[in-house]
Amino acid sequence: MIGCMIRVMWTPEAYLRALHFASERHAGQLVPGTSHPYLVHLVSVAAEVMRGAALEPLDRPDLAVTCALLHDVVEDTPTPVADVAAAFGDDVARGVSALSKDPALPKDQQLADSLARIRACPREVWAVKLADRITNLQPPPARWDGTKRRRYQHEAREIHAALGAGHGVLGARLAHMIEAYTAHLDPA
């Protein structure tokens, strides 16, 4: 008899519950600069998390995948954190809240604040932020000037510095995407 190791992964039921919730809350929204429904971004982030978790296991993959699908629901829709907590529990609500920028803060403080809150969460939430920026480091919208593109790459480096050690596979992938993004920068 050949032994096999069973690794706990995310469950389809948790994925679908979060996907349906996100789909309802983000209804009508598009990925900026495209004609794609916003759900494409959320599913892309979840795919990065799932790939990362398959290569370097997470203790709570359902937490990571659920937060990936819901990571923008508080920041980009009128959904309060309390609705996320009621539907998915306090751990998911804390993760989604940490992944959301605080609009009450000055814009130049929002990323640092969010990263500090993410660092206080389990590494599954760190993985979501890494996957989110990996997904966002695609060719930038044509309307972005060189300054905005360089700033976006700089923010990605800040995210990597703060969270990259939390998941080796996703940290390495983000580092690669940051360097590849250089092709989209204007010569300084």
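Take the conditions (1) surrounded by 16 or more Cβ atoms within 10 Å (Cβ to Cβ); (2) in contact with a helix residue (DSSP H, G or I) (Cβ under 6 Å, 6 or more places away or on another chain); (3) of a type outside the set (A, V, I, L, M); D102 misses just one of them, which is (1). Before we move on, is T182 over 23 Å from K101 (Cβ atoms), out of contact with any Gly (no Cβ under 8 Å at 6 or more places or on another chain), loosely packed, with under 13 Cβ neighbours inside 10 Å and hydroxyl-bearing (S, T, Y)? Judged against the criteria, T182 is a match.
Taken across the range 136-156, residues that are under 21 Å from H41 (Cβ atoms), surrounded by fewer than 21 Cβ atoms within 10 Å (Cβ to Cβ), within 16 Å of the chain's Cα centre (by Cα) and of a type in the set (D, E, K, R) do occur, with at least one present.
I want to confirm something. Restricting to the range 32-63 and keeping residues that are outside any helix (DSSP H, G or I) and either among the β-branched types (V, I, T) or surrounded by 14 or more Cβ atoms within 10 Å (Cβ to Cβ) (or both), which single residue is modelled with the lowest pLDDT? Selected residue: T34. Number of residues in the range 17-31 that are surrounded by 14 or more Cβ atoms within 10 Å (Cβ to Cβ), closer than 12 Å to T77 by Cα and without any contact (Cβ under 8 Å) to a residue 24 or more places away in the chain equals 1. Of all positions in the range 90-105, none carries a residue that is over 15 Å from the mean Cα position of the chain (by Cα), part of a helix (DSSP H, G or I), over 25 Å from Y152 (Cβ atoms) and β-branched (V, I, T). Report, ordered by the first and then the second residue, all pairs with beta carbons closer than 6 Å, sequence separation of six or more or different chains, a first member in the range 166-188 that is within 20 Å of A131 (Cβ to Cβ), and a second member that is among the polar types (S, T, N, Q) and modelled with pLDDT of 95 or more. Close Cβ pairs satisfying both conditions: Y181/Q153.
Take the conditions (1) β-branched (V, I, T); (2) touching a Pro at 6+ places or on another chain (Cβ under 9 Å); (3) assigned to a loop (DSSP other than H, G, I, E, B); T79 misses just one of them, which is (2). Criterion applied to L99, L111 was being closer than 25 Å to L170 by Cβ and touching a His at 6+ places or on another chain (Cβ under 8 Å), and the one residue passing it is L99.
Of all the listed residues (A131, A104, A98), the sole one being aliphatic (A, V, I, L, M), in contact with an Asp or Glu (Cβ under 7 Å, 6 or more places away or on another chain) and under 20 Å from V73 (Cα atoms) is A131. Among the residues of the range 128-148, not a single one is over 28 Å from T34 (Cβ atoms), touching a residue at least 24 places away in the same chain (Cβ under 8 Å), touching a Cys at 6+ places or on another chain (Cβ under 7 Å) and not polar (S, T, N, Q).
The values are calculated or read from the model by the stated rules, or taken from the named source; none is laboratory data. Fair warning: this is a prediction, and the values are worked out from it, not measured in the lab. Cβ: placed from backbone, ideal geometry, glycine included. Neighbour counts: every protein chain shown.
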